[in-house]
1. Scan the stretch 235-278 residue by residue and report those that are farther than 17 Å from W203 by Cα, loosely packed, with under 13 Cβ neighbours inside 10 Å and either under 24 Å from the mean Cα position of the chain (by Cα) or of a type in the set (D, E) (or both).
2. Answer yes or no: is there a residue in the stretch 253-260 that is of a type in the set (F, W, Y), out of contact with any strand residue (DSSP E or B) (no Cβ under 9 Å at 6 or more places or on another chain), modelled with pLDDT of 90 or more and farther than 24 Å from V140 by Cα.
3. Of the residues that make up the stretch 49-61, is at least one farther than 29 Å from L211 by Cα, surrounded by 14 or more Cβ atoms within 10 Å (Cβ to Cβ) and polar (S, T, N, Q)?
4. Please go through the stretch 189-234 and give me each residue that is aromatic (F, W, Y), surrounded by fewer than 17 Cβ atoms within 10 Å (Cβ to Cβ) and over 27 Å from Q275 (Cβ atoms), ordered by number.
Amino acid sequence: MLHAWEVIKQLVSRVAKSSPPRTALLIFAAVIMIFTALLMAPWSTANGRAPAFHDALFTATSAVTVTGLTSVNTAEHWSPAGQIVILIGIQIGGLGILTLASLVALSVTHHLGLRTRLVAEQGMSTGALGEVGSLIRTVVICSLVVEAALAAVLVPRLMVVENDVLDGLWHGVFYAVSAFNNASFVVHPEGLQGAVNDPLVLWVIMIGVFLGSLGFPVLLVLWRFRWHIRRWGLHARLTMEVTTLLMVLGAVGYAALEWNHTDTIGEMTTGEKLQSSLFASVMMRSGGFSVVENVMEHSETMLMTSALMFVGGAQPPPRRHQGDHVRGDLPGVPG
């Protein structure tokens with residue numbers, strides 16, 4: 001047993017030395033397989049039977065990559081334990097698998113070795129290896145603080161709406177994490193359609209998705225300089241300006257195309273139409289949540305949605321190499 005463990009350690013060490021990007025890819029694949037194995041357990045499903053392998057693999061991949069696509073109904077197919085596994089996968093994927101791996105190494109060794117820093121850099125845009133450790137802590141703290149703030153609003157509201165303390169607590173935490181990480185997983189069979197007339201729930205989810213789509217480099221700049229816009233870096237200013245512009249254009253376009261469409265927002269009040277249009281616009285680029293049946297939208301609306309999906313969320317600035325002395329934003333982890 002000991003000999004086998006030494007062989008594995010030598011193999012991993014050899015791969016890490018030869019190619020940090022290859023190591024990053026292997027870590028990513030290993031995490032997906034771990035979550036697939038957890039979802040394959042009978043206790044992870046609502047009916048108490050092991051799910052099909054392709055459903056477990058698809059769901060695990062979607063959760064870890066915070067994609068949000070599902071082959072089964074999350075609320076009905078998976079048990080509470082299975083949903084917890086999915087939520088953990090979303091959290092790990094949102095933080096970045098490489099960030100989390102580096103955090104574990106940091107907690108065990110109390111420092112990051114050169115190889116670990118090189119692996120972590122595959123998931124970060126950082127200007128210097130010495131910055132990785134502090135950035136990891138900042139990213140984790142930032143995520144937990146934002147998610148806790150979202151949950152602090154959602155939990156009490158959902159407790160009242162669902163008239164159940166435990167369900168409200170669980171659903172509030174789940175949607176807070178899913179929204180900030182732009183994962184779009186839902187734990188209601190009908191999705192968010194039941195919350196179409198609840199402004200508080202919709203606006204909190206919108207804010208979570210919006211903040212998550214900015215990416216950690218921009219969030220760190222906003223946290224550091226607040227509303228002192230002149231002190232923002234070029235990347236942060238462009239991200240905020242373009243994100244806001246696309247959000248407004250998307251909302252106007254959605255409202256114009258779907259305003260009188262009875263299968264989507266046509267039968268809503270004027271205020272609800274404007275709210276749903278803005279919600280749809282925020283979700284188009286990276287959120288994925290929906291309060292209407294997307295398949296019922298006009299083909300022109302779907303084309304606009306596809307265009308905004310292609311743009312996606314904010315990306316981090318290019319990694320600066322030695323010899324580059326251009327002043328920019330705080331380095332960080334992509335969203």
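The values are calculated or read from the model by the stated rules, or taken from the named source; none is laboratory data. Quick caveat, the model's predicted, so the values are computed rather than measured. Note that we place each Cβ from the backbone using ideal geometry, even for glycine, and neighbour counts take in every protein chain shown.
1. E241, V242, L245, E267, listed by residue number.
2. Scanning the stretch 253-260 turns up at least one residue that is of a type in the set (F, W, Y), out of contact with any strand residue (DSSP E or B) (no Cβ under 9 Å at 6 or more places or on another chain), modelled with pLDDT of 90 or more and farther than 24 Å from V140 by Cα.
3. No, because not a single residue in the stretch 49-61 is farther than 29 Å from L211 by Cα, surrounded by 14 or more Cβ atoms within 10 Å (Cβ to Cβ) and polar (S, T, N, Q).
4. W223, F225, listed by residue number.
Yes/no matrix, rows are residues, columns are (1) in contact with a helix residue (DSSP H, G or I) (Cβ under 9 Å, 6 or more places away or on another chain); (2) at pLDDT 65 or above:
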site	(1), (2)
E6	no, yes
K9	no, no
S18	no, no
L25	no, yes
F35	yes, yes
M40	yes, yes
A46	yes, yes
F53	yes, yes
